[in-house]
Amino acid sequence: MRLRFDIFFSIAQTPDMTGRTPSEREMFASFFEQVELADKLGFGVGWVAQAHLSTEVQKGNSKPVVPHFPGEVGLCTDFFQVAGQMLSRTERMEVGSAVMSILASGGPIAQAERVGAFLALHGMNPSESRRLHIGFSAGRFEFMARPYGIVPRDTVEAAAWPALRGQIFAEASEIFLRLLNGEVLSSDMTKPTILNRSNFRSDGDWENVQDAAVSLRSLNSAPDSIEIARRYEFEDIKTIPQEWRRELLN
């Protein structure tokens with residue numbers, strides 16, 4: 001049996017052993033040098049970590065998520081631009097995101113459209129066979145999605161956080177994948193978000209959400225389930241371009 005090895009890259013701009021922090025230009029130059037060497041060594045997929053917004057600046061926020069990390073967690077803020085550069089500098093290695101947030105950078109609709117646009121260009125050469133591998137998530141750190149509206153909208157959502165954040169990711173995932181599938185989609189065609197005891201780790205956590213719902217919605221008793229308004233509201237949409245080669249996406 002022949003083993004296949006992939007490789008993971010994280011362009012983390014943090015002080016080295018001497019205490020010196022490399023410049024952004026040095027970080028990218030070193031990264032692409034490693035990419036070219038990885039291709040020559042025969043690695044299958046080069047997986048790249050994506051991040052958003054300054055880790056250093058968020059330390060001063062009211063709710064810092066990464067309070068102690070020195071420097072910037074990652075300089076790859078646009079996976080598709082980096083992926084294009086990687087493919088242009090290599091001959092055999094494929095490229096993957098590890099991982100791409102579908103809550104930040106405009107959300108699932110924008111990210112689905114970027115995938116299609118990238119592959120429409122990447123696949124113009126009929127002899128091109130290298131695939132784009134998309135690993136996606138809610139994001140490495142919560143602060144990266146907050147400016148895009150991924151925050152509690154009322155006291156019920158605040159009480160349900162972070163369990164609700166996982167449901168927002170599920171909603172975004174459905175939108176992202178169905179658009180990549182080429183569907184015409186509206187928000188009322190997606191699964192509603194309904195919370196119940198099974199979404200929470202303890203009875204106390206669920207009771208806090210029930211209490212918030214009773215207070216906010218003027219209910220007479222604690223509900224067995226709580227419907228949450230959709231995070232994404234839109235009429236019929238379909239991403240373009242559509243005539244891209246699906247076999248180049250994994």
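Values quoted throughout were computed directly from the atomic coordinates according to the rules given, and no laboratory measurement underlies them. Bear in mind the structure is a predicted one, so any value in this text is a computation, not a measurement. All Cβ positions, even for glycine, are placed from backbone atoms using ideal geometry, and neighbour counts span all protein chains on display.
When every Cα-Cα distance of the chain is counted in 10 angstrom steps from zero, the calculated P(r) takes the values 6, 25, 29, 23, 12, 4, 0 percent.
Here the Karplus curve 6.51 cos²θ - 1.76 cosθ + 1.60, taken at θ = phi - 60°, turns the phi angles of the range 29-45 into couplings of 4, 5, 4, 5, 5, 5, 4, 5, 5, 4, 5, 5, 7, x, 5, x, 10 Hz, with x standing for Gly and Pro. Sparsely packed loop sites in the range 29-113 (the GluC sites (Glu not before Pro) outside DSSP H, G, I, E and B with at most 16 other Cβ atoms within 10 Å) comprise 91. The phi torsions of the range 89-96, fed into the Karplus equation with coefficients 6.51, -1.76 and 1.60 and a -60° offset, translate into couplings of 9, 10, 10, 10, 5, 8, 10, x Hz, rounded to whole numbers, with Gly and Pro shown as x. Applied to the range 68-78, the Karplus parametrisation 6.51 cos²θ - 1.76 cosθ + 1.60 on θ = phi - 60° returns per-residue 3J(HN,Hα) values of 10, 5, x, x, 10, 4, x, 9, 7, 9, 10 Hz, with x for Gly and Pro. The amide H of residue 48, built 1.01 Å from its N in the peptide plane, has 9, 96, 97, 98 as neighbours under 5 Å, considering only residues 5 or more places off or on other chains.
Of the residues 85, 96, 160, the one whose Cα sits farthest toward the positive end of the charge dipole of the range 58-168, with +1 on the Cβ of Lys and Arg and -1 on the Cβ of Asp and Glu, is 160. Between residue 139 and 102, the built amide H atoms are under 5 Å apart, and every one of these is 5 or more places off in sequence or on another chain. Looking at the range 208-250, the chymotrypsin sites (Phe, Trp or Tyr not before Pro) that sit in a DSSP loop and have at most 13 other Cβ atoms within 10 Å of their own Cβ are 234. The alpha carbon gyration tensor of the range 1-150 gives principal lengths a ≥ b ≥ c with a/c of 1.5 or higher and a/b no greater than b/c, which makes the shape oblate.
Across every pair of non-identical alpha carbons in the range 116-250, the mean reciprocal distance, once inverted, gives a Kirkwood radius of 17.4 Å.
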